[in-house]
Amino acid sequence: MRRKAKVDSYDRPAGGWGSLNAVAHILTQEEVAILGSEILLRQNKPDGFMCVSCSWAKPAKPRPFEFCENGAKATAWEVTSKTVTPEFFARHTLADLKIWSDHQLEEQGRLTTPMRYDRGRDKYLPVGWDEAFQEIGAELNRLDPRSVVMYTSGRASLETSYMYQLFGRMYGTNNFPDSSNMCHESTSVALPEVIGVPVGTVLLQDFDATDCIFFFGHNTTTNAPRMLHPLQEAAQRGVPIVTFNPLRERGLERFVNPQSPVQMIAGGTRISSQYYQVRLGGDAAAITGICKWVIEADDLAREKGTVRVVDAAFIERHTAGFEEFAAFCRAQDWDEIERASGLSRMALREAADIYMASNAVIANYGMGITQHKHGVETTKMVVNLLLLRGNIGKPGAGISPIRGHSNVQGQRTVGISEKTKLVPLDKLADLYDFEPPRWDGVSTVDACEGILKGKIRGFVSLGGNFLRAVPERSLMEPAWSGLRLSVQIATKLNRTHLVPGEVTYLLPCLGRIEVDRQVSGEQSVSMEDSTACIHGSRGQRKPVAEHLLSEPAIVAALAKATLKPNSRVDWDTWVGDYSKVRDAIERTYPDQFKNFNQRMFEPGGFPRPLAARERRWKTPNGKANFTVPKSAFAPPRESDGIYELMTMRADGQFNTTIYNEDDRFRGVEGSRYVLFMNPADMEEAEIG
Ligand SMILES: Nc1nc2c(c(=O)[nH]1)N[C@H]1C(S)=C(S)[C@@H](COP(=O)(O)OP(=O)(O)OC[C@H]3O[C@@H](n4cnc5c(=O)[nH]c(N)nc54)[C@H](O)[C@@H]3O)O[C@H]1N2
Ligand SMILES: Nc1nc2c(c(=O)[nH]1)N[C@H]1C(S)=C(S)[C@@H](COP(=O)(O)OP(=O)(O)OC[C@H]3O[C@@H](n4cnc5c(=O)[nH]c(N)nc54)[C@H](O)[C@@H]3O)O[C@H]1N2
Ligand SMILES: [Mo]
């Protein structure tokens, strides 16, 4: 039953009693007795499983409960005792199911049986695994590999992802778009150009050593709640946390640690010391303003012969482009900076003063920076700010893009990419004696265009909900039905599964929290967190249904049914013992994964070596690069009555997975279709 939507102001802190309530609620909703079974106690622990929700770092010395409200929701959602059986599909045509909400679809529970779509009956019918693999293999062999997309959602393990990309390349395609194309692509493009690594440089211990944190466009309360712990500890040490966000996000203001009895009574800690409600898309202008103050202060110091404000030695030795960047900042006009950032010059002066008074600064950011047309330039502006005072490659400092899915960063590390320059193709060719395709494959956007034009004919999806995750649904859904082949490897029923191609399979897999038993015994898998640390993860729960296969087993079976035998790749041995896949990953990336099997359960994870952390710059010029933005300032409003619209996640969702229709921290209950508007704008437009 739908509840009536209700919107109220939420003035309580994040965390606290509300969090505990929400956890109890989801456990009941999903009919899981997991508190008793101690499963939550194993979450994010060195001997346990890695949370299937966000990718935030896992500490070496975990708290007794190293999970947050949303992590508990994600666990309950996966280990639910509810199941979708063949009888369910026998009862419902896809036309029936199409009117269900996204919440209702996934809420049916875990998929249990491989299914094939039957057009005549408009229903999914059960099919044997072998038959499914044989038919998919035959279909793939009839299609041109260039016309086949192999999508990955960011949850699959390093082992699965490595096998999947190898299968695809041996089949003949580099079409490996992934969910990261839809979130931190700006990071993956910007950072290699300016600091020579595609990922963030901070480690969890940097939060203990930092003396200032800048925070741009991330809703930590909902999207990486465990990060509130290091933020809270830093705030308690008196570290300034300078936040830029058009919205006042609750958790960035106050946080009550639900694990601390004292705080539960005392009402928590302030998180942000400064909260700047930057204009939407105005971060590049705001950072320019801050840098302008820094440069002016430095110019003055040079004039007077006093201590430099910028880190001149670092700039001299490690960077290129400083003079051009400084000239750019000097030349910017304050009126224009104020207009584009929505912040006054004195507010930016205050932020600059805090920045200049700090010796080790971390800059965190999320979708508020990346998901703009100018996301790449704005990301580079964040780097400019850090480079001015040598805040990359020293303890307590660095850049920290807060990634999304729990292994989205790791998948790129082991070869999931459509861009050939990011993949060691020669090494793969050498190790497995085949000729990988050398052309660049399609990204998510290219894949959509290819589907619209009818050029993409086959789509294999390793998790995810592509049709719901991409925009332009009204164009994409009809075009999707033109696909010859759609193969969906999934745990839960979702919207994409309801739009079949000519030949459509739904292949149910084990989740990460389930025990994965193969011939050599119980298997573990691994993933990379937002700070480039690798963690092992062991399944804990009995699988929800007997016919489920693991993701590596499904990928291997598809590969065997599609490819000609190759004596260098023994898919069965890999499936029998995943440590053999890790050996293969280590052979492919010897520097990154040295002693992979021995180190995967190190508390806190083992950090991948990142050159930028040691101030070695793998950029084309061997330097860290200052860059001048070309177009990052928001354009003027075209006319009155035209508003800027921002969309973001609610608290009750994980991307397209909708746990419930509430957004507790924004005071919304019972609906996801809520538009917030500034009261002044409403009054002016006579709305309400
Ligand atoms: N519970 C839960 N956790 C998740 C997810 C989930 O859906 N649910 N998704 C996961 C994934 S895949 C990802 S990518 C991450 C995403 O996590 P976030 O990066 O936090 O993404 P959003 O939820 O879109 O929140 C964007 C934030 O940026 C602010 N913002 C919007 N525009 C601007 C701007 O122009 N400038 C600034 N400075 N701020 C702006 C918004 O007010 C909001 O606070 O979360 C991951 N974790
Ligand atoms: N409407 C909407 N669109 C979005 C976003 C959003 O918040 N809302 N967020 C954007 C962002 S930042 C991202 S990263 C993308 C994410 O895009 P996707 O990664 O494609 O989407 P998700 O919603 O994360 O995928 C959920 C589905 O994954 C499957 N699944 C869950 N666990 C597993 C598993 O262990 N194995 C397998 N094989 N399948 C599994 C389930 O069937 C579930 O229905 O979406 C982008 N687009
Ligand atoms: Mo994401």
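The values are calculated or read from the model by the stated rules, or taken from the named source; none is laboratory data. In this text the structure is predicted, and so the values were computed from the model without any measurement. No Cβ is skipped: glycine too gets one built from the backbone with ideal geometry, and neighbour counts run over all protein chains shown. Surface accessibility is based on the protein's heavy atoms, side chains included, excluding ligands, DNA and RNA. Shrake-Rupley method; radii C 1.70, N 1.55, O 1.52, S 1.80 Å.
List of remarks:
- Any hit, region 391-406, residues being within 16 Å of ligand 2 (Cβ to nearest atom), open to solvent by 10 Å² or more (accessible area, probe 1.4 Å) and not basic (Lys, Arg): yes
- Restricting region 407-431 to residues that are in a helix (DSSP H, G or I) and within 16 Å of ligand 2 (Cβ to nearest atom) leaves a set whose member that is most open to solvent (accessible area, probe 1.4 Å) is ARG412.
- Of all residues in region 240-252, those that are within 18 Å of ILE290 (Cβ to Cβ) and assigned to a loop (DSSP other than H, G, I, E, B) total 3.
- Considering residues of region 286-342 that are among the hydroxyl-bearing types (Ser, Thr, Tyr) and within 22 Å of PHE214 (Cα to Cα) only, the residue surrounded by the fewest Cβ atoms within 10 Å (Cβ to Cβ): THR319
- Lone unmet requirement of (1) under 23 Å from the mean Cα position of the chain (by Cα); (2) surrounded by fewer than 24 Cβ atoms within 10 Å (Cβ to Cβ); (3) not small (Gly, Ala, Ser) for PHE434: (1)
- Residue match in region 365-379 (condition: assigned by TED's automatic domain parsing to the domain that holds PRO230, in a helix (DSSP H, G or I) and touching a strand residue (DSSP E or B) at 6+ places or on another chain (Cβ under 7 Å)): yes
- Residue within region 653-667 that is assigned to a helix (DSSP H, G or I), touching a Leu at 6+ places or on another chain (Cβ under 8 Å) and touching a residue at least 60 places away in the same chain (Cβ under 8 Å) present: no
- The one condition in (1) without any contact (Cβ under 8 Å) to a residue 24 or more places away in the chain; (2) closer than 25 Å to TRP77 by Cα that LYS564 fails to fulfil: (2)
- Those residues of region 356-385 which are buried (at least 24 other Cβ atoms within 10 Å of the Cβ) and farther than 19 Å from PHE633 by Cα, in sequence order: VAL361, ILE362, ALA363, ASN364
- Checking each residue in region 98-122 for being under 33 Å from the mean Cα position of the chain (by Cα) and more than 20 Å from GLN653 (Cα to Cα) picks out THR112, THR113, PRO114, MET115, ARG116, TYR117.
- Verdict on GLU69 being touching a residue at least 24 places away in the same chain (Cβ under 8 Å), crowded, with 21+ Cβ neighbours inside 10 Å and outside the structural domain of PHE466 (by TED's automatic domain parsing): yes
- Residue check, GLY128 open to solvent by 10 Å² or more (accessible area, probe 1.4 Å), of a type outside the set (Val, Ile, Thr) and either within 13 Å of ligand 2 (Cβ to nearest atom) or not assigned by TED's automatic domain parsing to the domain that holds SER417 (or both): no
- Top-ranked residue in region 220-239 [being under 27 Å from THR288 (Cα atoms) and outside any helix (DSSP H, G or I); ranked as most open to solvent (accessible area, probe 1.4 Å)]: GLY238
- Looking across region 312-339, the residues that are farther than 27 Å from ILE195 by Cα and part of a helix (DSSP H, G or I) come down to TRP334, ASP335, GLU336, GLU338, ARG339.
- Of all the criteria given as (1) open to solvent by 10 Å² or more (accessible area, probe 1.4 Å); (2) over 24 Å from PHE654 (Cα atoms), the one not satisfied by ARG468 is (2).
- Test: residue in region 664-683 that is within 16 Å of ligand 3 (Cβ to nearest atom), crowded, with 16+ Cβ neighbours inside 10 Å and within 27 Å of GLY368 (Cα to Cα): no
- Checking VAL194 against (1) under 30 Å from ASN141 (Cβ atoms); (2) open to solvent by less than 10 Å² (accessible area, probe 1.4 Å), the condition it does not meet: (1)
- Hey, ARG155 within 30 Å of THR201 (Cβ to Cβ), more than 13 Å from ligand 2 (Cβ to nearest atom) and at pLDDT 95 or above or not: no
- In region 155-190, residue farthest from ligand 1 (Cβ to nearest atom) [restricted to those that are β-branched (Val, Ile, Thr), within 19 Å of the chain's Cα centre (by Cα) and farther than 15 Å from ALA557 by Cα]: VAL189
- Residue, nearest to the chain's Cα centre (by Cα), within region 398-424, restricted to residues that are among the hydrophobic types (A, V, I, L, M, F, W, C) and more than 12 Å from ligand 1 (Cβ to nearest atom): ILE416
- Scoring GLY321 on the criteria (1) at pLDDT below 95; (2) on the phi > 0 side of the Ramachandran plot leaves a single failure, condition (1).
- Selected residue [of a type in the set (A, V, I, L, M, F, W, C) and either within 16 Å of ligand 1 (Cβ to nearest atom) or without any contact (Cβ under 8 Å) to a residue 60 or more places away in the chain (or both)] from LEU483, LEU493: LEU483
- Boolean, LEU475 is surrounded by fewer than 19 Cβ atoms within 10 Å (Cβ to Cβ), of a type outside the set (Asp, Glu) and closer than 28 Å to ILE658 by Cβ: yes
- The set of residues in region 72-98 that are touching a Lys or Arg at 6+ places or on another chain (Cβ under 8 Å), open to solvent by 40 Å² or more (accessible area, probe 1.4 Å) and among the aliphatic types (A, V, I, L, M) contains only ALA90.
- Residue list for region 73-96, restricted to those being within 16 Å of ligand 2 (Cβ to nearest atom) and within 29 Å of the chain's Cα centre (by Cα): LYS73, ALA74, THR75, ALA76, TRP77, GLU78, VAL79, THR80, LYS82, THR83, VAL84
- For region 169-210, the candidate set comprises residues that are away from ligand 2 (no atom under 16 Å from the Cβ) and among the acidic types (Asp, Glu); within that set, the residue that is nearest to THR531 (Cα to Cα) is ASP206.
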